[in-house]
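Here the structure is laid out as C-alpha cells; the discussion comes afterwards.
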Amino acid sequence: MKGVVGGSAKRRWRNLVIPVVGLVVLSMLVPLVFLLGLHSGDATHQRNSQPEFGNNSKRGGNETGFSMPADLPKQAQPVIDTGPVAKNYTGEHRRSADESDLICEFRFGSYCLWGREHKEKMEDAVVKRMKDLLFVARAYYPSIAKLPSFEKLSHEMKQNIQEFERVLSETTTDKDLPPGNEKKIPEMEAVIAKAKSCPVDCNNVDKKFRQLVDMTEDESNFHMKQSAFLYQLAAQTMPKSLHCLSMRLTVEFFRSSFDTETVLMEKFLNPDLYHYIVFSTNILASSVVINSTVMHAKESEKQVFHLLTDRENYFAMKFWYFRNKYKEASVQVLNIEDIKLFDHHKVAPMHLSLPEEYRVSFHRVDELSFSLSRTEYISMFSHSHYLLPKIFRSLEKVVVLEDDVVVQSDLSALWDIDMGEKVNGAVQLCAVKLSQMKNYFSRNTIYENSCAWTSGLNVIDLSRWRAHNISETFQRLVQEMSREEGTSETTALSASLLTFQGLVYSLDGSWMLAGLGRNYGIDLEAVNSAAMLHFDGNMKPWLELGIPEYRSFWKMFLNQQDSFLNDCNVIQ
C-alpha cells in the first residue's frame, strides 16, 4: 500500500514539473522580448504616428490653434516632398519622445521641445532620496497611527516626516542641506522598515499611495502650466538688453545731427533697383536681415531697403543705420505712423502692425501612419502690408522680407521671375488646403485644390496690386467679417487668404526653409543649403530660448564688436 501511495505521489510530482518549468521559461522570455523590441503591436504605430509640434503667435500675441477635420480621403491628401527635413524629424526625433512628451507637446507646443533640450541633469541625489523616503513614510503613517500598540512608532514616524518636510521646504539642492542631515536618512529608513513589518492593511496603504500619486501629478501639471506661461512671457517680452540698446541709440540720435536720406532719395524712388520692404521694431533682427541679404548680393549697389517701423523705435533705427553701413546698399527708415506718408486728407496716423503666425493643426492619412496629426505654421500679412501701394507710389515691384529671416544666397533672381497676372509670389503650403480651413471663413468661396500661402518671403507686383484693388478688397472683407462674426484673431488671416485667392504665384520651396524657431528636428545640411532661413515660432534667435543649433546661423551676421551691443550686453 505504501508503495502504491509513493508511486502515485511521484507521478503527480512528475506531472507538475512540466508546467512549472514552462512557466519559469515564459516568465524569463516575456521581459526579454519587450526589452529587445521583438514584439509587434502598438509601439511601432505610436512611434510613427507622433505629430509635429511647434508654437504659436509670432509677435507675442494670442496663440491660435486650429483643429482641422479628419474626413478627407487618402487620395485627397496632398503629398509634399520636404526632403531631409521630414526624414530627420520623423526618424530619430520621433523615436526619442515618449508618451509623456507627446501629451506635453499637444498641450504646450514647442515649450516641451525647448524644455527637453534644456533639461538639466539630476545631480542632487540626497534631496531626491529624501523626497522618495518622505513619500513612502506619508503613505504608511495613517495606517500606523490607527494601531494603538504602535503609538511609539507612530510618534517617531511623525517626527521624521515633519523634519523632512521642514528641510525640503528650505532647500532644493544637496549643497544647501543643513549640517548633520546625513543622519536623518538612516533614521527615516529604519522607521519605514519598522512600519513595513507591522500588521497594517495593505489596501489602506495602497489607497494612500494612490492619493499621493494623484496629488503629485496635479502639482506637476500646475508647475508645467506655470512654466509654459513663463515661457510664453519670455517669448513675448523684449529682453532688457534690447530695450537698453534702443534707448541708448535714441539718446545718441538727439545728440547728433545728420541727414543722409536727402542725398539718397533718388535711389529710394528709382523703380529699376532692387527694393526690399522690412516691417520691424527690432533693431538687431532687421539688421541681420539687411546684412545677410547684402553679404550674398552680387550687386550690392542695386540693393535698396525700406525699413518700416513705429514712432517708438524710429529714432533708434535712424541712428543705427546711420552708424552702420552695408557695402553699397541703401537703407531708408520710415515711421509708418507719420501722416506725411499718406494722403493729406488723412487725419489719424496708422499704427504699425506686424505679421502674425497662426498654428494650423489637421489630420491626414499617409504612408507613415493610419492617422497622423500634422501642424503647420502660417505667417500672414498684417494690416500695415496693405499700405504698400500708397507708401511706395513710384515702385512697381518689391520683395517683402520678415525680420526673422536670414538670407544665404543672392536674391536678384526674384526680379526675373515672370509671375504672369499674379500679384503675390509666395511659398505655398499645399499640406494645408483652403478647403480644410473652410470652418474659419465666413463665406463659401473656398476652392478644393487651393493651397495656403505664407509670408516671410513675398515678391509683390505693386502695379497689378493697384489694378486688382487688393487693399480695398482686404478692407472690405475685414469690415464684412467684423459685422457678421465680430472682430477676431483670425479675421486678418481669413481676409488675406480670400483677398489673394487666385492671385498667388507659387515660389519654389527651395527659396525658404521654415521652422527654425520651433522645430528641433531640422537637419543641419538642409539649413546650410537653404537660400533663406525663416525663424518662425516662439524660439527667436535673439532670445535666450532660441534653438542653439540654428542660432549661430543668425548671430554670424551681427557686428558683435559694436560698442552699443557690448555696453548693453547684447548676444553674449
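The values are calculated or read from the model by the stated rules, or taken from the named source; none is laboratory data. Because the structure is a prediction, the values reported are computed rather than measured. In this analysis, Cβ positions are derived from the backbone assuming ideal geometry, glycine residues included, and neighbour counts consider all displayed protein chains. Quick note on the areas: whole protein, heavy atoms, side chains included, nothing else; ligands and nucleic acids left out. Shrake-Rupley method; radii C 1.70, N 1.55, O 1.52, S 1.80 Å.
Odds and ends about this structure:
- For region 524-572, projected area of the alpha-carbon convex hull averaged over all directions, nm²: 3.9 nm²
- Modelled label positions at GLU151 and ARG466, each set 7 Å beyond Cα in the direction of Cβ, lie 9.8 nm from each other.
- Maximal additional length on extending the LEU233-GLN162 stretch stands at 21.9 nm, based on 0.36 nm per residue less the C-alpha distance.
- Compared with the direct C-alpha span, the chain from LYS298 to GLN475 gains 59.9 nm at full extension, assuming 0.36 nm per residue.
- Once the Cα-Cα distance is subtracted from the 0.36 nm per residue extended length, the ASP132 to THR216 segment shows a gain of 29.0 nm.
- Taken along the Cα-to-beta-carbon direction at a fixed 7 Å, the label points for ALA125 and MET247 span 4.7 nm.
- Estimated inter-spin distance, ASN203 and ILE185, nm [label 7 Å along Cα→Cβ]: 3.7 nm
- Amide N of region 520-534 lying under 17 Å from the label point, which is placed 7 angstrom from the Cα of ASP416 along Cα→Cβ: 531
- Rounded to the nearest angstrom and listed largest first, the equivalent-ellipsoid semi-axes of region 139-243 from its Cα gyration tensor are 39, 20, 9.
- Sulfur and carbon atoms: percent of accessible area, region 133-247 [1.4 Å]: 56 percent
- Loop chymotrypsin sites (Phe, Trp or Tyr not before Pro), region 473-525, which have at most 11 other Cβ atoms in a 10 Å radius of their Cβ (DSSP): none
- Calculated SAXS-style log₁₀ I(q)/I(0) at q = 0.17, 0.27 Å⁻¹ - region 490-572, Debye, Cα scatterers: -0.84, -1.23
- Backbone N atoms of region 394-431 closer than 18 Å to the 7 Å Cα→Cβ label point of LYS555 belong to residues 405-407.
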